[in-house]
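Below you'll find the structure, written out as structure tokens, and then a few comments.
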Amino acid sequence: MQYEVSSLEEYFESIPKERVESVRKLYLTIKDNLPNGFEERINYGHIGFVVPHSTYPKGYHCDPKSPLPFIGIASQKNFISLYHMGIYADLELYNWFIEEYPKHSKRKLDMGKGCIRLKKMDDIPYDLIKELVSKINPEQWIKLYESNFNPQKE
């Protein structure tokens, strides 16, 4: 679900009331542990953390006018989504996360290649997410992004 909002507070006001506390805690966990250089914004109707154009002028290959996305948080119909582009682009990080998850949650991991679906608000592995988001800084993300997608090839 995308919300037509332009600020963080509007986003929190728009999502289901029973999720506000969990989404806010997830947002703060990411914001407080993400390496310096990422920029917070409402991106694609959700909370996002991006590499700004001032750091990476090329922008996102799908829309160069948009900054390079890295992490997103979205309140969906039946769960909270945590989108982490680093997990999508780095098999070693992806495997690390899959191995660590059972140590932090009693629930089965539900994820796609870069989307972690958090269905139970009382079992969000905040400590694991804290560790995950601290693992890649903007420079590392740009290098990883460009090694997986080379805009000059198109």
Self-check item: Enumeration of residues in the stretch 58-94 that are hydroxyl-bearing (Ser, Thr, Tyr) and over 19 Å from residue 17 (Cα atoms)
Solution: 60, 66, 83, 88, 94
Exercise. Confirm whether residue 132 is surrounded by 15 or more Cβ atoms within 10 Å (Cβ to Cβ) and within 17 Å of residue 34 (Cα to Cα).
Key: yes
Quiz item: Which ranges mark the strands (runs of 3 or more DSSP E) fully within the stretch 56-154 that have 2 or more residues being at pLDDT 95 or above and more than 19 Å from residue 42 (Cβ to Cβ)?
Solution: 115-118
Quiz item: out of contact with any Phe, Trp or Tyr (no Cβ under 7 Å at 6 or more places or on another chain), surrounded by 12 or more Cβ atoms within 10 Å (Cβ to Cβ) and hydroxyl-bearing (Ser, Thr, Tyr), is that true of residue 29?
Solution: no
Quiz item: Looking at (1) in contact (Cβ under 8 Å) with a residue 40 or more places away in the chain; (2) over 27 Å from residue 18 (Cβ atoms); (3) hydroxyl-bearing (Ser, Thr, Tyr); (4) loosely packed, with under 15 Cβ neighbours inside 10 Å, can you tell me which one residue 55 breaks?
Solution: (4)
Exercise. Answer yes or no: is there a residue in the stretch 70-90 that is in contact with a Phe, Trp or Tyr (Cβ under 9 Å, 6 or more places away or on another chain), in contact (Cβ under 8 Å) with a residue 12 or more places away in the chain and surrounded by fewer than 15 Cβ atoms within 10 Å (Cβ to Cβ).
Key: no
Exercise. Starting from the stretch 99-117, take each residue that is within 15 Å of residue 78 (Cβ to Cβ) and list its partners that are assigned to a loop (DSSP other than H, G, I, E, B) and charged (D, E, K, R), counting only C-beta distances under 8 angstrom and pairs at least six apart or across chains.
Key: 107/119; 107/120; 110/119; 116/110; 117/110
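The values are calculated or read from the model by the stated rules, or taken from the named source; none is laboratory data. Bear in mind the structure is a predicted one, so any value in this text is a computation, not a measurement. Cβ atoms come from the backbone with ideal geometry, glycine included; neighbour counts cover every protein chain shown.
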